[in-house]
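Working notes for the structure below.
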Amino acid sequence: MHKLLFSLLSIVSLSLLLLFHGSEARQRELPLPNACHFSQISSLGPAHATKFEAGQMEVWDHTSNELQCAGVTVARITLQSNSIFLPSFFSPPALAYVVQGEGVMGTIASGCPETYEEAGGGVGGDMHRRFEDMHQKLEDFRRGDVFASLAGVSQWWYNRGNSDVVIVIVLDVTNRENQLDQVPRMFQIAGSKTQEQQQQPLTWPSGKNAFSGFDPNIIAEAFKIDIETARKLQNQKDNRGNIVRANGPLHFISSPSRQWQQDGNGNGIEETYCTARLHENIDDPERSDFFSTRAGRISTLNSFNLPVLSLVRLNAIRGVLYSGGMMLPHWTANAHTVLYVTGGQARIQVVDDNGQSVFKAQVQQGELLVVPQGFAVVKTAGETGFEWIAFKTNDNAYMNTLSGETSYLRAVPVDVIKAAYGVTEEEAKRVKFSQQETMLAMTLSS
C-alpha cells in the first residue's frame, strides 16, 4: 500500500512539473558576463578523451568562450559493438543525437512503474506465475534519433549492432533545472575509474559510482544482500570504466514495435515523464520541413512535435546540403546555435552585431561551431556535400532569413529598400524578388 501511494504521488508530481513548466523551466540562469563578446569565433574539437574498456567519452572544453556564451557543454560517446554505457545521469537537462549505429536505451525515473515484465513457468505444478525480470520501458535507437534527458534522470545505452555507436550530447548547464554551477557533472550509478583516470587530475567524467562512497554495511542493509555483493556494487576492484563489454548478447523485455511513438501526438500536459515520448528520428527525408531536390533538406524538432522538449528547453535541427547547396543567410532570433558536423564539409561565414565577420572558414566532420543569438550565418556545401545537427538553446527557436521568399527583405516595401541601401527601384526589386527559394538554394557557380 505504501509503495503504491509513493508511486501515485511521484506520478502526480511529474504531471505537475509538466503542467507548470512555463513558470519555472523557461527561466534560464545567465551565462558569464561578456561571454558573447567576440572578435573571432573558433570551430572546436574535443579537448579531452577518456578511454574505457569498450569505448570512449570525449568532452569539449566547457571553459571556452564559445561554449560559455551558449551556456552549454558537449560530449561525444563512442560504444563498441556489444558494449554498455552504464547507468548515469547529468545535473542539467540534455539533448542527444545518434550520429551512427543502433541499439537499446533505458531511462530510469524513480516513481515510474516497471511496466515490462517477463513471467516464468510455475514450479512443481504451481500455477502461480514466477517473474523472471521486471524493468522500466526501453527504447530502440538508430542513426538520426534525438533523445531528451531531464536533469537527474538516469539513462544507459547498449550497442547491439556490429559497428560503433556514436552519440553527441549537449548539456544545458545554464538551465534552471541545474542547481549546481556551470561545471559539467556526470553522476554514475555504476562503473569505476580506469587506470588512466586514476593518474589524471579531476576531469569529467570523474569515474567513481555513487555506491563507492557509502559504507558497504549500509549498502548491504539497504539492499538486503551480503557484504561481498555490496562491495561488488562499489566496483572496488574494477577498472573498466563506464563503457564495458557485455558477456554475450544481452536479453531485454521489449515491445514488438515502436510505431506507437510515431503515431502519438500528446500535448505534454496529459503525459507524465513515465509515459512521454522521449525521442524522435529526424533523419528521414520524408519528415523534412524544407526540401529541395537540388540543394538539400532541413528537419526541425521542437516542443510542438516532441512535447518533453518544453522541459529540456533545447531543440534540434537536422540539415543536409548537396554539393553546391546553400542555406540562405539567416539568424536565430531567440537562441544560440551549437552546430556539430556529422558529414562532409562546408564554407561557413558568421557576422556579428557590429557587421563584422567573426568566422569565415571551412568546417568538417567532427567539428563544433557556436553561432550566438542574432549573429547572421550562411553555409555553402563543398563538393562532397554537408551534413550537420544543430542544437538550439530554446525549445521553440525560430530563424529569420535575410534573402528568399519569406525573408526580411521580401517583407520590406521597395521604397524602404531604395532609401536604406541607396539603390534604384529596379535594383531594389531585383534584391527583393530574384531569390524564389525559401531556405535552401544552389550557388550560382553550381
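Each residue was assigned an accessible area with a 1.4 Å probe, and for LYS429 the value is about 90 Å². Accessible surface area normalised per residue over the stretch 365-408 is 36 Å², counting heavy atoms of protein chains with a 1.4 Å rolling probe.
As a ratio to 2.2 N^0.38 Å, the alpha-carbon radius of gyration for the stretch 293-446 is 1.08. Solvent-accessible area of ARG410, all protein chains in place: 50 Å² (probe radius 1.4 Å, heavy atoms, ligands and nucleic acids excluded). Of all DSSP bridge pairs formed entirely within the stretch 285-408, close to 100 percent run antiparallel.
Per the Debye formula on identical point scatterers at the alpha carbon atoms of the stretch 65-112, with no solvent, log10 I(q)/I(0) at q = 0.17 Å⁻¹ is -0.73.
The candidates ILE169, ILE108, arranged from most to least accessible area with a 1.4 Å probe in the full protein assembly, appear as ILE108, ILE169. Within the accessible surface of the stretch 302-376, defined with a 1.4 Å probe on protein heavy atoms only, the carbon and sulfur portion equals 44 percent.
The values are calculated or read from the model by the stated rules, or taken from the named source; none is laboratory data. This one's a predicted model, so the numbers in the text were calculated from it and none came from an experiment. With ligands, DNA and RNA removed, areas are computed over all heavy atoms of the protein, side chains included. Shrake-Rupley method; radii C 1.70, N 1.55, O 1.52, S 1.80 Å.
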